[in-house]
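The values are calculated or read from the model by the stated rules, or taken from the named source; none is laboratory data. This is a predicted model, so every value here is computed, not measured. Quick reminder, even Gly has a Cβ in these numbers, built from the backbone with ideal geometry, and neighbours come from all protein chains shown.
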Amino acid sequence: MRKQKPTIMSLFSKKISELQERTAKAVQGGGDKAIAKQIAMGKLPARERINKLLDPGSFYEYDLFIEHDAREFGMENKSLAGDGVVIGTGTINGKPVAIYAQDFTVAGGSLGSMHARKITKIMDYSLRMRIPLIGINDSGGARIQEGVNSLAGYGEIFFRNTLASGVIPQISVILGPCAGGAVYSPALTDYVFVVDKISKMFITGPEVIKSVLGEEIDMESLGGARVHCETTGNAHFFAESEEQCFDQIKELLSYIPAHNQEKQEPLKTKEPLKKYKIDKIVPADPTAPYDVRDVIKSITDNSEFIEIQEMWAPNIVIGYGRVGGRTVGFVANQPMVLAGVLDCDSSDKAARFIRYCDAFEIPIVTLEDMPGYLPGVDQEHAGVIRHGAKLLYAYSEATVPKVTIILRKAYGGGYIAMNSRHLRADFVFAWPTAEIAVMGPEGAANIIFRKEIMEAADPNEMRKQKVQEYKDKFANPYVAAAKGYIDTVIPPADTRKFILHALEISTNKVLKRPVKKHGVPPF
Ligand code: HXC
């Protein structure tokens with residue numbers, strides 16, 4: 001009998017079966033046991049994370065069939081599914097993103113040369129296509145068996161992080177260990193998301209610390225999610241669960257442009273909620289605290305505001321809201337914490353945010369109410385001069401529309417630093433309650449009237465009189481208004497109206513700066 005030739009159809013279905021078999025094997029990751037261990041640790045498998053974060057059914061995976069090329073320490077006979085990382089593209093809120101997720105079930109998500117090649121490929125796509133990059137980190141760090149090749153891989157990643165900085169948003173999600181030099185990719189990116197009990201970031205782990213310093217410390221206290229949100233400031237968003245973390249990422253992406261040339265398409269304007277009454281929030285007593293976030297919410301559309309680094313340096317508040325349908329970056333002193341003083345950390349926090357807004361053409365609104373810089377040896381020795389200078393630099397350098405509202409206190413260096421006219425604010429509006437002076441009335445009177453106070457029959461009475469004299473003269477916005485340092489004094493209830501108008505007429509702002517390769521900010 002003559003042998004029947006395979007038809008196109010039968011050949012095709014054989015090939016399809018082979019593809020299905022190969023795909024099924026590749027997506028198994030490290031296998032059932034490793035996946036069960038991952039889940040027992042409260043962590044989702046890599047592809048599940050991606051599918052939960054991206055719009056349903058939108059994920060396209062690449063390099064699923066990559067093989068590692070390590071030939072030492074028994075690696076030559078080992079197969080590692082996808083080499084421990086999943087890469088691809090998809091959409092969030094209907095907008096394209098590039099993503100990678102390390103798969104801890106495969107060799108602990110450790111980074112070998114092909115693993116790095118996959119990550120750098122998706123990084124190159126994201127930069128070329130001008131779409132946000134999201135990296136989900138869950139890894140034991142450099143793959144020990146691959147030696148310098150894995151170190152080289154990290155170097156290639158860091159280089160691309162730097163190249164993409166200011167062009168596309170880069171988001172790092174820490175969903176497991178992130179050890180050794182591996183933490184430097186997240187540190188180079190714009191937003192770091194962490195989840196309680198799951199995220200761990202450190203350069204040298206507990207074992208190294210014990211062997212070198214003889215100190216015992218557990219991983220959570222060394223570099224857990226809270227540590228990086230409250231103490232180091234390395235993380236920007238804290239979540240209780242992976243699901244909550246994904247919701248936060250989606251919310252953030254709804255505010256920020258996909259790349260630095262994207263023109264904002266305004267959404268429909270919504271009025272702030274009635275419960276935020278701007279003229280009822282700020283107490284008349286200049287020393288009484290209040291939550292400046294309520295002021296922000298009395299300005300933003302639908303009173304929505306996404307706060308960044310909420311738990312670190314809370315004496316300054318930064319984040320995004322919309323005004324007239326457009327995203328605005330808010331920088332606001334927080335009188336509820338340390339009276340809203342500026343210090344090393346709050347200067348760093350605001351300066352980096354201002355530079356981000358400027359790079360991505362997001363207008364900046366500054367709400368000012370602070371008594372100046374935090375005094376003390378600790379701050380001086382921690383470098384408040386250098387750190388404070390970053391804030392001056394960032395505001396001066398920014399060419400996006402910049403609007404300042406002085407609510408109450410604007411004393412000393414803080415008055416200049418918080419986006420004053422002198423650093424080229426486009427608009428400075430002050431409330432009638434504003435006090436613009438070199439320092440607070442008590443301190444000022446004690447210095448300039450020291451002789452009169454000391455020599456008076458009743459020094460306390462004299463001090464009171466002199467404080468009042470100083471207050472009458474300087475603790476108001478009109479001396480600054482008379483010089484044109486502020487544009488006008490506005491009733492608090494008109495704040496949103498003035499901001500809306502200022503932003504509207506700034507849409508085509510043009511500001512040229514001297515030609516230079518780049519400046520040298522006080523990093
Ligand atoms: C190769 C690794 C690995 C690594 C983990 N694994 N880390 N393989 N290279 N770096 C493997 C383990 O051998 C194990 O394989 C599997 O992943 C799971 O690891 P476990 O240790 O069983 O998991 P767990 O108990 O949860 O502990 C996770 C961990 C621990 C804390 C991350 O694995 C660890 O301390 N790893 C080493 C961390 C580290 O020091 N990395 C190098 C940093 S230096 P099997 O086959 O048993 O399942 C660095 C330099 C970068 O990164 C420089 C850039 C500038």
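Restricting attention to segment 10-61, which residues are outside any helix (DSSP H, G or I) and out of contact with any strand residue (DSSP E or B) (no Cβ under 7 Å at 6 or more places or on another chain)? If you could, list the steps in order and put the result at the bottom.
Taking segment 10-61 as the starting set, the residues that turn out to be outside any helix (DSSP H, G or I) are 27-31, 41-45, 54-61.
Val27, Gln28, Gly29, Gly30, Gly31, Met41, Gly42, Leu44, Pro45, Pro56, Gly57, listed by residue number.
When you scan segment 137-168, how many residues do you find that are closer than 23 Å to Asn260 by Cα and not small (Gly, Ala, Ser)?
Count: 10.
Within 10 Å of the ligand (Cβ to nearest atom), touching a residue at least 60 places away in the same chain (Cβ under 8 Å) and of a type in the set (A, V, I, L, M): does that describe Ala152?
No, not satisfied.
Determine whether segment 433-452 contains at least one residue that is out of contact with any helix residue (DSSP H, G or I) (no Cβ under 6 Å at 6 or more places or on another chain), part of a loop (DSSP other than H, G, I, E, B), surrounded by 17 or more Cβ atoms within 10 Å (Cβ to Cβ) and modelled with pLDDT of 90 or more.
Yes: one or more hits.
Pick from segment 123-149 the residues that are assigned to a helix (DSSP H, G or I) and near the ligand (Cβ under 10 Å from one of its atoms): which of them is surrounded by the fewest Cβ atoms within 10 Å (Cβ to Cβ)? So that I can check it myself, show each step before the final result.
Looking only at segment 123-149, we keep the residues that are assigned to a helix (DSSP H, G or I), and these are 123-129, 144-146, 148-149.
From what's left, near the ligand (Cβ under 10 Å from one of its atoms): 144-146.
On the way: Ile144: 13, Gln145: 18, Glu146: 25.
Among those residues, the one meeting the criterion is Ile144.
Please go through segment 158-179 and give me each residue that is within 9 Å of the ligand (Cβ to nearest atom) and either part of a helix (DSSP H, G or I) or aromatic (Phe, Trp, Tyr) (or both), ordered by number.
If the condition is that a residue be within 9 Å of the ligand (Cβ to nearest atom) and either part of a helix (DSSP H, G or I) or aromatic (Phe, Trp, Tyr) (or both), then Phe158 is the only one that fits.
Scan segment 17-36 and tell me whether some residue there is surrounded by 13 or more Cβ atoms within 10 Å (Cβ to Cβ), closer than 30 Å to Cys245 by Cβ, in contact with a Pro (Cβ under 7 Å, 6 or more places away or on another chain) and hydroxyl-bearing (Ser, Thr, Tyr).
no
What is the number of the single condition among (1) touching a residue at least 60 places away in the same chain (Cβ under 8 Å); (2) of a type in the set (D, E, K, R); (3) loosely packed, with under 14 Cβ neighbours inside 10 Å that Asp458 does not meet?
The number of the failed condition is (1).
When you go through Ala182, Ala187 one by one, which is the residue that is at pLDDT 95 or above and either within 13 Å of the ligand (Cβ to nearest atom) or of a type in the set (D, E, K, R) (or both)?
Just one listed residue meets the conditions, Ala187.
With the requirement that a residue be aromatic (Phe, Trp, Tyr) and within 18 Å of Ser150 (Cβ to Cβ), what does segment 62-112 give you?
If the condition is that a residue be aromatic (Phe, Trp, Tyr) and within 18 Å of Ser150 (Cβ to Cβ), then Phe73, Tyr100, Phe104 are the ones that fit.
Pick out the one residue from Ile203, Ile217, Ile209, Ile198 that is out of contact with any helix residue (DSSP H, G or I) (no Cβ under 6 Å at 6 or more places or on another chain), within 15 Å of the ligand (Cβ to nearest atom) and closer than 23 Å to Gly42 by Cβ.
Sole residue among the options that is out of contact with any helix residue (DSSP H, G or I) (no Cβ under 6 Å at 6 or more places or on another chain), within 15 Å of the ligand (Cβ to nearest atom) and closer than 23 Å to Gly42 by Cβ: Ile198.
Which of the residues spanning segment 99-113 are part of a helix (DSSP H, G or I), over 18 Å from Gly88 (Cβ atoms) and within 11 Å of the ligand (Cβ to nearest atom)? Before the answer, list the steps.
Keep residues of segment 99-113 that are part of a helix (DSSP H, G or I), which gives 107-109, 113.
From what's left, over 18 Å from Gly88 (Cβ atoms): 107-108, 113.
Once the filter is applied, which keeps residues that are part of a helix (DSSP H, G or I), over 18 Å from Gly88 (Cβ atoms) and within 11 Å of the ligand (Cβ to nearest atom), segment 99-113 yields Ala107, Gly108.
Looking at Glu76, Glu18, Glu72, which is the one that is of a type in the set (Asp, Glu) and more than 16 Å from the ligand (Cβ to nearest atom)?
Testing whether each residue is of a type in the set (Asp, Glu) and more than 16 Å from the ligand (Cβ to nearest atom) leaves just Glu18.
Quick one: would you say Ala359 is more than 28 Å from Thr488 (Cβ to Cβ) and not hydroxyl-bearing (Ser, Thr, Tyr)?
Answer is yes for this residue.
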